[in-house]
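Worksheet: one structure, shown below.
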Amino acid sequence: MKLLLALHFTLLSVLYLDHPFLDRLGVITALIVIMIWYRDNVNAVHICAIQLVIMILGYAAFHFNVFALHEDSLYLWKNTRIYTIHLITDVAHFIALAYRPALSRVILRMRNKSCENVHFTISDMTLMTVSLLFILVVLLAMFENFIRNLDYLGFDEEFAKQFWDWNWVFYNYPTIKSILAGVELWAILSITTHAKKLKS
């Protein structure tokens, strides 16, 4: 059932590519529902909280025009700004998940609560893997963005034009991100069932 929901979300994400908020709506809804329904599960709540914080930071970066550029700037730099913000949030997401159990223990100790039930779960590992895939896609898109615009970086036009058609990641970037968002949703839904520790 969870896998089916994730697959449906992936399809809807692809259909609504022109609406950036809608392609994350399924994830946001799932996070809020899980946090409320499983509020006694510290691992689930803190994993969901990390997801929400990273999403909010990503939206805020674009809303408040972080790394602002002049509207006449080259698309080379406009695309680089977008990819850079995505890269920073994806790396922050990965690091936060990697240290999530430690962060959970710090938060619980500050509230004088037991840390006995804090575990590194299958969901942590799955979401970290998805984060790495997001990072890989962003790096590929950024590399393609630069190599496709070598003439603006000082390279000879005759040399640069052989790369002008390198646009596979650029044109498929939203679709790839939406597919990964579907996998991310599946990982989030798996929080409700994966309670096993990953043994070191």
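The values are calculated or read from the model by the stated rules, or taken from the named source; none is laboratory data. As the structure is a computational prediction, the values presented were derived from the model and not from experiment. Here Cβ is always computed from backbone atoms with ideal geometry, including for glycine, and neighbour counts include all displayed protein chains.
Below are the figures for this structure:
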read-out: Filter pass, residue 95 being modelled with pLDDT under 90 and in a helix (DSSP H, G or I); value: no
read-out: Complete set of residues in the stretch 98-145 that are of a type in the set (Ser, Thr, Tyr), assigned to a helix (DSSP H, G or I) and either at pLDDT 90 or above or within 30 Å of residue 81 (Cα to Cα) (or both); value: 104, 126, 129, 131
read-out: Single condition residue 164 does not satisfy, out of (1) surrounded by 17 or more Cβ atoms within 10 Å (Cβ to Cβ); (2) farther than 17 Å from residue 27 by Cα; value: (1)
read-out: Some residue of the stretch 63-86 being at pLDDT below 95 and within 26 Å of residue 44 (Cα to Cα); value: yes
read-out: Cross-chain or 6+ apart pairs with Cβ under 6 Å, the stretch 61-86 first and at positive phi, then part of a helix (DSSP H, G or I); value: 67/81
read-out: Flag for residue 99 being touching a residue at least 12 places away in the same chain (Cβ under 8 Å) and not small (Gly, Ala, Ser); value: no
